[in-house]
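The values are calculated or read from the model by the stated rules, or taken from the named source; none is laboratory data. Computed from a predicted structure; not experimentally measured. Cβ atoms come from the backbone with ideal geometry, glycine included; neighbour counts cover every protein chain shown. Protein only, heavy atoms only, side chains kept; ligands, DNA and RNA dropped before computing areas. Shrake-Rupley method; radii C 1.70, N 1.55, O 1.52, S 1.80 Å.
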Amino acid sequence: MTVIAERPAPGPKPEVDPEPKTTIELVVFGVVVAMPLIALATAVPLAWGWGLSWIDITIAFLFYVISGLGVTVGLHRYFTHGSFKAKRPMKIALGIAGSLSLEMSVIDWVATHRKHHKFSDKEGDPHSPWRFGSGFLALTKGLLWAHMGWLFETDRTNREKYAPDLVKDPDIVRLHRLFPVMAISSIFLPPLLGGLLTWSWWGMLTAFFWGTLVRIGLLHHVTWSINSICHVFGEEVFESRDKSRNVWWLAIPSFGESWHNLHHSDPTCARHGALKGQIDPSAGVIRWFEKAGWVYGVRWPTPERLAAKRIAD
Ligand SMILES: [Zn+2]
Ligand SMILES: [Zn+2]
């Protein structure tokens, strides 16, 4: 068990509004966030037997896991923060897996995310939910902005400035150029598999619906939730310069990324869910890769480092 040293409690934070959020605000946010998930949960039993089969579920699950871990282990913990070092085949595999998420190319994802850490919740952060203020309407607008509105900004984060290491790496530049090819493969591979496995056009169509549309949509919303929900709601256990929070119920779908408070407190740490009981599947995968010898120099958390960053109760 981790032993946490006692630290003096920090004073009131100047960025925190003296008026806390009301219960009604929290309930409204919760309903809005839960609605698409309720719709999806309803669609599953309705479609079962005619529009959804175990083959669709397996394909969707497989692609969700590969592209999702490609984002969390690859684009985020490895390429952006250098939480570990990877051998060349592993580096390329992580770049491909991350690109299958259809989020951004390796270089653009990393540049944008490094900028987020540099300015987190201040002016210059590409996607802070606090951009418009902390009142109910301002924060609702800010949550939508942080979730997906920011994606429609025309300004692109400067690649040379924020990802100088990646633009110099010929492997990464190739992955960056091949992003459209990998994105298209991620769209068409699930229906191809579904069609071949069921040997039917209908099987192809249902695999496209679940394995491509639902899988990509769900992964995108989970990724965006880290930018929106995890900067507004949840627990603050570690000291950070921003409003990053830990959100336990997103830990499994986000592969451990929703332990976002520790992540902002210690960005290069390979494990985000570092406290007892915090599930972090990405860290588990990094551990497997380390045991297999594919990655090395992993920056695992130490009790002393965690204690130094923890806010005293
Ligand atoms: Zn963040
Ligand atoms: Zn990060």
Practice task
For region 282-304, enumerate the residues that are open to solvent by less than 80 Å² (accessible area, probe 1.4 Å), without any contact (Cβ under 8 Å) to a residue 60 or more places away in the chain and under 21 Å from the mean Cα position of the chain (by Cα).
Solution key: 283, 284, 300, 301
Exercise for the section: Would you please name the residue that is modelled with the highest pLDDT, looking only at residues in region 237-259 that are within 19 Å of residue 139 (Cα to Cα) and within 12 Å of ligand 2 (Cβ to nearest atom)? Expected result: 244
Completion exercise
Within region 229-280, residues closer than 13 Å to residue 310 by Cβ, within 12 Å of ligand 1 (Cβ to nearest atom) and part of a loop (DSSP other than H, G, I, E, B) come out as 240
Handout entry: Top-ranked residue in region 125-163 [being within 19 Å of residue 81 (Cα to Cα) and surrounded by fewer than 16 Cβ atoms within 10 Å (Cβ to Cβ); ranked as farthest from ligand 2 (Cβ to nearest atom)]
Key = 160
Fill in the blank from the handout: Checked 88, 114 against criteria (within 15 Å of ligand 1 (Cβ to nearest atom) and modelled with pLDDT of 95 or more); the one match is 114
Practice task
All but one of (1) modelled with pLDDT of 95 or more; (2) within 22 Å of residue 223 (Cα to Cα) hold for residue 295, so report the exception by its number.
Solution key: (2)
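Scan region 78-89 and tell me whether some residue there is closer than 15 Å to residue 183 by Cβ and hydroxyl-bearing (Ser, Thr, Tyr). Steps first, please.
So in region 78-89, the residues closer than 15 Å to residue 183 by Cβ come out as none.
No, that holds for no residue.
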Practice task
Would you check if residue 88 is touching a residue at least 24 places away in the same chain (Cβ under 8 Å), within 16 Å of ligand 2 (Cβ to nearest atom) and over 15 Å from residue 186 (Cα atoms)?
Solution key: no
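Take region 260-286 and flag every residue that is of a type in the set (Val, Ile, Thr) and within 13 Å of ligand 2 (Cβ to nearest atom).
So in region 260-286, the residues of a type in the set (Val, Ile, Thr) come out as 268, 279, 285-286.
The answer is 268, and nothing else.
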Problem - Subset of region 2-19 that is at pLDDT 65 or above and open to solvent by 100 Å² or more (accessible area, probe 1.4 Å) - its residue that is farthest from residue 303 (Cα to Cα) - result: 19
Practice task
Mind listing whichever residues of region 111-124 are open to solvent by 50 Å² or more (accessible area, probe 1.4 Å) and either more than 16 Å from ligand 2 (Cβ to nearest atom) or part of a loop (DSSP other than H, G, I, E, B) (or both)?
Solution key: 122, 123
Problem - Condition check for residue 102: open to solvent by 50 Å² or more (accessible area, probe 1.4 Å) and out of contact with any strand residue (DSSP E or B) (no Cβ under 7 Å at 6 or more places or on another chain) - result: no
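State the number of residues belonging to region 60-80 that are of a type in the set (S, T, N, Q) and within 16 Å of ligand 1 (Cβ to nearest atom).
The total comes to 2.
This table checks each residue for (1) under 15 Å from the mean Cα position of the chain (by Cα); (2) open to solvent by 30 Å² or more (accessible area, probe 1.4 Å).
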| position | (1), (2) |
| --- | --- |
| 27 | no, yes |
| 34 | no, yes |
| 40 | no, yes |
| 53 | no, yes |
| 63 | no, no |
| 79 | yes, no |
| 84 | no, no |
| 96 | no, yes |
| 106 | yes, no |
Handout entry: Extreme residue, most open to solvent (accessible area, probe 1.4 Å), among residues of region 217-275 that are of a type in the set (Val, Ile, Thr) and in contact (Cβ under 8 Å) with a residue 60 or more places away in the chain
Key = 268
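Looking at this structure, is residue 277 closer than 23 Å to residue 90 by Cβ and small (Gly, Ala, Ser)? Can you show your working first?
Details: closer than 23 Å to residue 90 by Cβ: no; small (Gly, Ala, Ser): yes.
So residue 277 fails the test.
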